[in-house]
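A.B. asks: This is the structure I have questions about; it appears just below.
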Amino acid sequence: MKKIEKLSFFRFLIVYLFFHFFISISLSAQEIIIFPQPRKMEIYGGKQFKIRPDTKIIISPAPTESDRLSASELNDNIYNLAGFQLPVVEPPVQGPLKNIIVIGEYAKSKILKNLMDKNNIDFNQDELGEQGYLIFSNSDIVLLSGSKPAGTFYGVQSLIDIINSGKGKGINIPNLLIRDFPALKYRELFNEDKWGPDWMSLEDYKDMVDYMARIKMNSLSIGIYGCWGVQYRNEILEFFLLPVDKYPQIKTPKLIEYYSPEKAEWTKLDYLPKIFEDDFFGEIIKYGKKKYVTVYPKFNSLGHNTLLPRIFPGISAKDEQGNPTGYGFCTSNNETYKILFNIFDNIIDKYLKPNGVDWFDIELDEVRQWCKCEKCKNLSEEEIYLDHIIKLAKHLKSKGINHIGVWADMLNKKKMVNSHLVGKLEKEELKGNMILHWWRYTEPIYETIFPEFSLRNWVVPMTGYTYPYQFYYNCSRLNNVFDMLVLGHKSNAEGASSYSIYDPAYNLDITALSNFAWNPPASNQEKALDDYIKSYTKKIFGSQWKEAKLILENLDKFYPGNANIMRTILYYRHSYVNTKPYKKHPYPEEAFEALKKNSNSKDQLEKMAGITNNAARFFKSALNSKDTDRKIVIQFYANIFRASNLIEEFLLLYDIEEDYQKFKILSGKAGRLQLLKNIKNTTNKIFSLQMESIRTWEDVKPQFLHPHCMRNMSFMLKFCEENIKRIYELEEKVKNNSLKEIPESLITGTNKEL
Ligand SMILES: [Zn+2]
């Protein structure tokens with residue numbers, strides 16, 4: 001008896017362990033990670049749905065282009081994972097309703113409706129809304145339904161995430177039920193008119209739209225016009241990205257020189273923005289529509305404004321003597337509106353209206369110079385500003401534009417978000433059309449965005465701004481994204497956008513924006529971000545997620561306090577110049593001088609070197625791991641590798657400085673020549689490190705991020721070349737005993753224009 005009991009206990013234990021083991025394996029092998037994270041998701045045990053070559057995708061009867069697109073996106077993904085595609089079938093369906101994935105809108109598809117009824121699934125159209133969807137699966141069927149086509153499309157994006165969660169261990173779908181819908185109606189990326197976007201081709205823009213659609217972002221605004229002061233070649237940096245038929249003189253050609261390791265030569269580009277030259281803005285809009293991404297222009301219509309007032313001096317803001325300042329507009333001059341409206345109308349009639357887009361953004365941020373003409377000088381800045389908004393908005397509305405964006409910084413700074421503004425907008429019947437975009441890139445963010453006035457508000461954190469981040473580099477902007485989104489949800493904002501220049505390396509931040517806009521984060525920041533980074537690293541870094549999480553968190557802890565040093569050593573800050581008189585900032589001299597002012601700089605750089613090197617090493621090794629998302633990880637790698645090398649290079653500049661100080665006081669010939677040799681070697685080391693960064697950048701980054709970033713990186717190469725030449729000259733003089741005047745420092749900087 002006892003024996004039998006014992007046996008059965010062991011049998012029980014074995015069976016128990018077997019099941020326990022089996023269940024935990026199948027769960028851990030397939031942790032479902034979907035971004036943005038669904039609002040409601042339940043996963044059950046039991047036999048999973050297995051995708052096989054004979055599994056059918058059933059789409060709606062009389063399928064639309066959208067139905068076919070959804071099926072083909074799913075199929076493409078299955079093909080990438082498993083090497084086969086599924087047959088796509090229209091109802092009626094022959095044979096048993098098993099081994100099928102049914103996709104479509106609930107109201108349009110009888111088969112979906114019947115199968116949901118049969119499985120007691122309540123498809124709650126009101127809950128899901130325009131963009132929501134439901135996914136149900138058991139071992140026989142997968143049902144995926146939106147209430148509208150956008151919802152179905154988003155359901156497919158989630159199903160792709162579910163399938164990809166298996167990471168190649170067979171394509172199984174666990175039993176689950178997802179009901180998902182966005183908290184914020186609009187989730188946007190803003191691509192600023194700057195270096196980078198100006199070199200994007202139509203294909204690059206399509207990639208960007210695809211990227212956004214995969215994480216359920218549905219709005220892309222493109223900066224069309226903006227002006228930014230003087231940065232290179234004593235030219236005002238201005239971008240105008242669309243050709244205006246009436247004013248062919250409006251164009252912004254650019255000249256860039258940089259070293260290309262791939263071509264092994266210095267490369268010169270003399271170009272117009274690609275979107276201007278090939279005139280494909282309409283094509284981006286069309287492509288966006290297919291993927292439920294509304295594409296529309298942002299046009300800076302008062303601040304950041306030098307090109308139009310220079311081309312049309314009559315409309316420029318005036319100084320006290322009535323002379324055009326070449327900056328901003330005189331808003332008392334009717335001609336200003338004639339020209340602006342001609343341009344707006346050209347954009348609307350040529351690109352927006354034919355594609356059914358009724359969005360336009362007039363920006364109006366950072367207005368710093370105001371017209372002082374006879375008429376304007378008697379008006380307050382607030383009056384000028386509000387009157388200008390109303391004039392522009394009324395015109396746009398008369399042209400059929402129903403969504404009119406404006407940055408909120410000026411309105412907020414001038415305390416104009418008040419009942420007077422609301423009254424004025426109501427009177428002009430614009431309240432439902434105006435959208436205030438609240439941008440803030442640094443903490444603390446706004447205390448309020450004034451929800452009590454029920455204006456249309458969007459929050460706009462920063463998710464990345466070309467290389468380097470304008471404010472931080474080597475760390476994320478997750479705090480900023482989190483804070484702004486919490487504020488947005490609390491204040492009934494209708495959308496979230498981001499200040500950015502598209503670079504896939506900002507994936508961590510962009511995904512966070514989409515995630516927190518769709519699914520409001522828990523109010524505990526530490527926990528919300530911890531959960532997010534955990535899921536994110538699991539999805540991107542697979543089995544190496546723990547290390548990746550630690551690396552990303554360490555960078556985030558370390559870098560905000562060291563941001564200033566990073567900004568100092570990067571070329572970006574030194575590229576902006578004063579024009580009167582025009583003088584370039586010599587680089588790396590100016591950066592090195594700034595470091596020397598603080599005795600801690602070198603220690604700090606050494607700490608930076610440790611943590612940054614470590615991160616670069618990790619990202620590189622993660623590339624070899626089978627279950628990492630290589631496409632994203634390699635972008636992380638190129639950025640951090642560039643930073644890591646630059647830090648090394650500045651530490652080597654300290655070595656040069658030390659050797660050169662010794663050189664200056666030494667009198668023996670042999671000793672001096674040895675020191676010069678050391679300096680030459682160190683300079684060559686700097687050159688090689690920088691060359692490797694540029695080579696990696698050119699290999700890895702999308703082509704539109706090459707010219708400008710590689711130009712900035714090339715300044716260090718120029719310095720090294722010039723320094724080597726100087727050292728040779730010194731050597732000659734030491735050898736000939738003709739050294740009379742010893743230069744103050746060898747760490748000068750190149751003044752070369754690139
Ligand atoms: Zn004026």
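The values are calculated or read from the model by the stated rules, or taken from the named source; none is laboratory data. Keep in mind it's a predicted model, so treat the numbers as computed, not measured. All Cβ positions, glycine included, derive from the backbone under ideal geometry; neighbour counts span all protein chains shown.
A.B. asks: So which residues in the range 382-433 are at positive phi and in contact (Cβ under 8 Å) with a residue 40 or more places away in the chain, if there are any at all?
C.D. replies: Of everything in the range 382-433, just one residue is at positive phi and in contact (Cβ under 8 Å) with a residue 40 or more places away in the chain, namely Gly400.
A.B. asks: Follow-up. Only one of Lys580, Lys596 is at pLDDT 95 or above and in the same structural domain as Pro707 (by TED's automatic domain parsing). Can you tell me which?
C.D. replies: Residue meeting the stated conditions: Lys596.
A.B. asks: I'd like to verify a number: residues in the range 596-618 that are closer than 23 Å to Asn639 by Cα and over 30 Å from the mean Cα position of the chain (by Cα), how many?
C.D. replies: The total comes to 3.
A.B. asks: Regarding the range 178-186, can at least one residue be identified that is more than 22 Å from Asp629 (Cβ to Cβ), small (Gly, Ala, Ser) and in contact (Cβ under 8 Å) with a residue 12 or more places away in the chain?
C.D. replies: Yes - at least one qualifying residue is present in the range 178-186.
A.B. asks: A follow-up question, please. Identify, by number, the condition in (1) within 25 Å of Ser221 (Cβ to Cβ); (2) within 16 Å of the ligand (Cβ to nearest atom); (3) surrounded by fewer than 20 Cβ atoms within 10 Å (Cβ to Cβ) that Leu430 doesn't meet.
C.D. replies: Here Leu430 meets the rest and fails (2).
A.B. asks: Just to be sure before I move on: is Ile384 at pLDDT 95 or above, within 12 Å of the ligand (Cβ to nearest atom), closer than 25 Å to Arg440 by Cβ and out of contact with any His (no Cβ under 9 Å at 6 or more places or on another chain) in the structure I sent?
C.D. replies: yes
A.B. asks: In this structure, is Thr336 surrounded by fewer than 21 Cβ atoms within 10 Å (Cβ to Cβ) and β-branched (Val, Ile, Thr)?
C.D. replies: No.
A.B. asks: Sticking with this one: Is it the case that the range 353-371 has a residue that's touching a Cys at 6+ places or on another chain (Cβ under 9 Å) and not in a strand (DSSP E or B)?
C.D. replies: yes
A.B. asks: Do any strands (runs of 3 or more DSSP E) entirely within the range 274-330 hold 2 or more residues that are assigned by TED's automatic domain parsing to the domain that holds Asp361 and farther than 23 Å from Val406 by Cβ, and if so, which?
C.D. replies: Strands (runs of 3 or more DSSP E) meeting the threshold: 324-329.
A.B. asks: Can Lys98 be described as of a type in the set (Lys, Arg), over 37 Å from the mean Cα position of the chain (by Cα) and not assigned by TED's automatic domain parsing to the domain that holds Asn218?
C.D. replies: For Lys98, the condition - of a type in the set (Lys, Arg), over 37 Å from the mean Cα position of the chain (by Cα) and not assigned by TED's automatic domain parsing to the domain that holds Asn218 - is met.
A.B. asks: Residues Thr331, Thr294, Thr325: which one is of a type in the set (Ser, Thr, Tyr), over 17 Å from Asp365 (Cα atoms) and either within 15 Å of the ligand (Cβ to nearest atom) or free of Cβ contacts under 8 Å to residues at least 40 places away in the same chain (or both)?
C.D. replies: Thr325
A.B. asks: Something else: So if I check each of Lys206, Lys251, which one is of a type in the set (D, E, K, R), in contact with a helix residue (DSSP H, G or I) (Cβ under 8 Å, 6 or more places away or on another chain) and in a helix (DSSP H, G or I)?
C.D. replies: Going through Lys206, Lys251 in turn, the sole match is Lys206.
A.B. asks: What is the one condition in (1) under 28 Å from Tyr258 (Cβ atoms); (2) modelled with pLDDT of 95 or more that Leu676 does not satisfy?
C.D. replies: (1)
A.B. asks: Filtering the range 339-377 down to residues that are within 16 Å of the ligand (Cβ to nearest atom) and surrounded by 19 or more Cβ atoms within 10 Å (Cβ to Cβ), which residue is farthest from the chain's Cα centre (by Cα)?
C.D. replies: Cys373
A.B. asks: Right, next: Between a residue in the range 559-571 that is of a type in the set (S, T, N, Q) and any residue that is surrounded by fewer than 19 Cβ atoms within 10 Å (Cβ to Cβ), which pairs come within a Cβ distance under 7 Å, given they are 6 or more apart or on different chains?
C.D. replies: Matching pairs, first to second residue: Asn562/Gln604; Thr568/Ala594.
A.B. asks: Go through the residues of the range 662-670 one by one and say whether even a single one is in contact with a Lys or Arg (Cβ under 8 Å, 6 or more places away or on another chain) and basic (Lys, Arg).
C.D. replies: Among the residues of the range 662-670, at least one is in contact with a Lys or Arg (Cβ under 8 Å, 6 or more places away or on another chain) and basic (Lys, Arg), which makes the answer yes.
A.B. asks: Let me ask something else about it. Scan the range 705-754 for residues that are of a type in the set (Lys, Arg), in contact (Cβ under 8 Å) with a residue 40 or more places away in the chain and exposed (fewer than 15 other Cβ atoms within 10 Å of the Cβ) and jot them down.
C.D. replies: Within the range 705-754, Lys735 is the sole residue that qualifies.
A.B. asks: Would you be able to tell me the number of residues in the range 382-409 that are among the hydrophobic types (A, V, I, L, M, F, W, C) and assigned to a helix (DSSP H, G or I)?
C.D. replies: 7
A.B. asks: Which condition from (1) surrounded by 16 or more Cβ atoms within 10 Å (Cβ to Cβ); (2) out of contact with any Cys (no Cβ under 9 Å at 6 or more places or on another chain) is the one that Gly328 breaks?
C.D. replies: (2)
A.B. asks: Here's another thing I want to ask about it. Under the condition of being within 16 Å of the ligand (Cβ to nearest atom) and touching an Asp or Glu at 6+ places or on another chain (Cβ under 6 Å), which residue from the range 302-322 is modelled with the lowest pLDDT?
C.D. replies: Result: Gly303.
A.B. asks: Starting from residues that are crowded, with 17+ Cβ neighbours inside 10 Å and charged (D, E, K, R), keep the ones in the range 278-291 and report whichever is nearest to the ligand (Cβ to nearest atom).
C.D. replies: So, considering only residues that are crowded, with 17+ Cβ neighbours inside 10 Å and charged (D, E, K, R), the one nearest to the ligand (Cβ to nearest atom) is Glu283.
A.B. asks: Within the range 52-63, which residues are at pLDDT below 95 and surrounded by 15 or more Cβ atoms within 10 Å (Cβ to Cβ)?
C.D. replies: Ser60, Pro63
A.B. asks: So the check is Cβ under 8 Å with 6+ separation or different chains; which pairs have a first residue in the range 50-64 that's farther than 12 Å from Glu105 by Cα and free of Cβ contacts under 8 Å to residues at least 60 places away in the same chain and a second one that's part of a loop (DSSP other than H, G, I, E, B) and among the polar types (S, T, N, Q)?
C.D. replies: Correct list of pairs: Arg52/Asn99; Asp54/Asn99; Thr55/Asn99; Lys56/Asn99.
A.B. asks: Could you tell me which numbered condition Asn578 fails, if it satisfies all but one of (1) surrounded by fewer than 13 Cβ atoms within 10 Å (Cβ to Cβ); (2) within 20 Å of Asn474 (Cα to Cα)?
C.D. replies: For Asn578, the failing item is (2).
A.B. asks: Check Ile404 against each of (1) farther than 19 Å from Tyr351 by Cα; (2) among the hydrophobic types (A, V, I, L, M, F, W, C); (3) in contact with a Lys or Arg (Cβ under 9 Å, 6 or more places away or on another chain); (4) away from the ligand (no atom under 16 Å from the Cβ) and name the one condition it does not meet.
C.D. replies: Only one criterion is unmet by Ile404, namely (1).
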